[in-house]
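Here is the structure we will look at, set down as C-alpha cells.
The values are calculated or read from the model by the stated rules, or taken from the named source; none is laboratory data. Source: prediction; values computed, not measured. Cβ: placed from backbone, ideal geometry, glycine included. Neighbour counts: every protein chain shown.
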Amino acid sequence: MTQSNRPQHHRKFIAIVLSAALAVTGISAVPARADNDVGKVVAGIAVLGILGAALHRHNTRDRRHQQVTRPYQPQHPKPIPQHFRRYDLPARCVRYFPNYSHEENLVARGCLRKNYQYEASLPQQCRVTFWNGDKHRTGYRPKCLTKRGYRLITH
C-alpha cells in the first residue's frame, strides 16, 4: 500500500486537539495559585510552539519533495510502425485529369506504382478507369480512399 505525498489534514486536526487538551489539562489539574499559573501558561505556549514547528517542518518537507523539477526534454514523435505506414499515400500523386472530371482530382496509379509499394492492395471500390482520348488511364478517388482509412501525406 502506498502513501500519497499530500499533507494529510487529519494529522493537523489531531495535533491541534492534542495540544489544546494538554494546555487545558495542565491548567485545570492543580488548584489555582498565582505563582504556578504563569508557569503553566508558558509551558502550554511552549508545547503549542513545538507542535506547530514540527507540523510546519513536516508540511514543508512534503512540498519540497513534490516540487522536483526536471530539465525540459522535447518529445520526438515515434516512427509509425510499418503496418500503419501502408495507409500513408504520397500526396504528390494527386493529379488533375481534365478528361475525367473538371471538379475532382485523382490519385494517379502510375505515380503510386513508383512511390508506394502497396498499390495492388488499394480498395477496388475507389479505382476509376477512364479514356483520356488517347488511352485508358487509371486512378483512385481520394475521398473514397480517406473514407477507408488512407491518408495523403506530403513527404
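Summary of computed values
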| quantity | calculated |
| --- | --- |
| Strands (runs of 3 or more DSSP E) fully within the range 48-146 counting 2 or more residues that are at pLDDT below 85 and more than 30 Å from Ala21 (Cα to Cα) | none |
| Flag for Lys135 being on the phi < 0 side of the Ramachandran plot and under 40 Å from the mean Cα position of the chain (by Cα) | no |
| Residue selected from the range 100-155 under the condition aromatic (Phe, Trp, Tyr) and within 12 Å of Asp88 (Cα to Cα), by the criterion surrounded by the fewest Cβ atoms within 10 Å (Cβ to Cβ) | Tyr118 |
